[in-house]
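Undergrad: Sharing a structure, written as structure tokens. Questions coming.
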Amino acid sequence: MSEESIIDELFAALNVVVLERLEYDSFKLIGTAPVWFVQFYRDTDLQQQLMPGQKFPVLDNFLIDAEAFWQKNQSGRIKSGLWTETDLSGQEFYLEASAVCLNEKKILLIASNYKEHQFLLQKARENSLNYYNLLKEIQKKEVLIHCIVHDLAGQLTGIKYCFELLSLQNLNSKAQEYLNIGKKQCQKQETLIREILDAFAAEIETLEGLGNDPQQAPDALACVLEVVNALSPVFFLNQIDLRLQIDVDKTREWKVVGEKSRLERTITNLVENAYRHSPPNSAVTIGIAEEGDFMTIAVDDMGSGIEPEIATTLFQKFSQGKNRPGRIGLGLYFCRITVEQWGGSIGYKTNSQGGAQFWFRLPKAILGE
């Protein structure tokens, strides 16, 4: 076998077509054509002049650059970049053309870069997965930041208002009751700080699943009543009525998918949000309703409603109303990602009598027999 024929066979084995330019748009095949190239020229005699620009339209523009390259008789090569073509059987190929000068001959190489393309796809998938995992880690840390800020701020708020209530009394039995509440809040605050410092890693792991054990499914009504009881002093001091909707059936179970402490935190976020936007002598009402396979919890306030400029970003990170006494803008974001990870949804609407309603919907818990 001659050296030339060996080179021809090597190009064919490498899935590379070798074409020599005859005229501007016509070429002749050099050596053996790879199988993939034959698939595009089933009804053509490959020994005749070929016009690859007609078969592969992408080459029309590339051949303009190739012609300029050939005219200069430069060393090296120029490439077209990857593109895709589909043969008569419907099989897709990933191709790349190169122009080279060889002993004053103008050579066009067309290679099927399937393996290279697969490698690029694999790297793209890996990069996409790494990016997703990074976002997930960032999200978990942001939730943890919110939990710390929320819990610390929540307990401090309780202490603040209880001592303010105490200052209005003359240390009678009522004042003593508020004093006891303040002491309990101080104890909770100290315990909470220790738990955060000691269980940072455990908190991250807990956020991974956010609790989906049906046997541990929380009762939504019980969580609502717990929040109402905890926040009542704050609402009372500021002359805002915090109440449960009167038609809620208290005799039945309201089990939902989720985890008790995070469900209470979600409800607390929405109630505190309503509190910050409610004027004195108004009311905040919490309702629970059954909707098919879901339970919906809604918090209605009598405030000024949602500002149009922030309506589309309410549940994003660090979103706050203009000139509003909010905190750091993670509360509604925490609510959204928590509810969505439990298979639920969250939203808001403007009430016809003014104010806003924030609601979230969770699947009913399916308990075993």
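Undergrad: Quick one: in the range 49-59, of everything that is open to solvent by 30 Å² or more (accessible area, probe 1.4 Å) and under 22 Å from residue 104 (Cα atoms), which residue is farthest from the chain's Cα centre (by Cα)?
TA: Looking at the filtered set, the residue picked out is 49.
Undergrad: Out of 271, 284, I need the residue that is closer than 14 Å to residue 245 by Cα, touching a residue at least 12 places away in the same chain (Cβ under 8 Å) and in a strand (DSSP E or B). Which one?
TA: Answer to the selection: 284.
Undergrad: Among (1) under 17 Å from residue 15 (Cβ atoms); (2) open to solvent by 80 Å² or more (accessible area, probe 1.4 Å), there is one condition residue 38 misses while meeting the rest; what is its number?
TA: That leaves (2) as the condition not met.
Undergrad: Which members of the range 15-35 meet the condition of being closer than 23 Å to residue 91 by Cβ, out of contact with any helix residue (DSSP H, G or I) (no Cβ under 6 Å at 6 or more places or on another chain) and open to solvent by less than 30 Å² (accessible area, probe 1.4 Å)?
TA: Within the range 15-35, 16, 19, 29, 33 qualify.
Undergrad: Among the numbered criteria (1) buried (at least 20 other Cβ atoms within 10 Å of the Cβ); (2) farther than 23 Å from residue 181 by Cβ; (3) modelled with pLDDT under 90; (4) touching a strand residue (DSSP E or B) at 6+ places or on another chain (Cβ under 9 Å), which one does residue 262 miss?
TA: Failing condition for residue 262: (4).
Undergrad: For the subset of the range 86-95 comprising residues that are assigned to a strand (DSSP E or B) and open to solvent by 30 Å² or more (accessible area, probe 1.4 Å), which member is nearest to residue 55 (Cα to Cα)?
TA: Our first condition is that a residue be assigned to a strand (DSSP E or B); within the range 86-95, this holds for 86, 92-95.
With the extra rule that they be open to solvent by 30 Å² or more (accessible area, probe 1.4 Å), the set shrinks to 86, 92, 94.
Values: 86: 11, 92: 14, 94: 14 Å.
Only one residue tops the list, namely 86.
Undergrad: What's the number of the condition residue 64 fails, among (1) more than 15 Å from residue 105 (Cα to Cα); (2) at pLDDT below 85?
TA: The failed condition is (2).
Undergrad: Within the range 287-301, restricting attention to residues that are among the acidic types (Asp, Glu) and surrounded by fewer than 17 Cβ atoms within 10 Å (Cβ to Cβ), which residue is farthest from residue 274 (Cα to Cα)? Step through it out loud before you land on a result.
TA: Start the filter on the range 287-301 by keeping residues that are among the acidic types (Asp, Glu), which leaves 290-291, 293, 300-301.
Those left that are additionally surrounded by fewer than 17 Cβ atoms within 10 Å (Cβ to Cβ): 290-291, 293.
Values: 290: 22, 291: 23, 293: 27 Å.
Only one residue fits best here, namely 293.
Undergrad: Can you tell me which residues in the range 270-306 are touching a Gly at 6+ places or on another chain (Cβ under 7 Å) and modelled with pLDDT under 85?
TA: Scanning the range 270-306 gives a single hit, 305.
Undergrad: Checking residue 309 against (1) crowded, with 16+ Cβ neighbours inside 10 Å; (2) modelled with pLDDT under 85, which single condition isn't satisfied?
TA: Failed condition: (1).
Undergrad: For the range 27-48, which positions are over 51 Å from the mean Cα position of the chain (by Cα) and of a type in the set (Asp, Glu)?
TA: The one that is over 51 Å from the mean Cα position of the chain (by Cα) and of a type in the set (Asp, Glu): 45.
The values are calculated or read from the model by the stated rules, or taken from the named source; none is laboratory data. Keep in mind it's a predicted model, so treat the numbers as computed, not measured. Methodologically, a virtual Cβ is constructed for each residue, glycine included, from the backbone with ideal geometry; neighbour enumeration extends over all protein chains shown. Note: areas computed on protein heavy atoms with side chains; ligands, DNA, RNA excluded. Shrake-Rupley method; radii C 1.70, N 1.55, O 1.52, S 1.80 Å.
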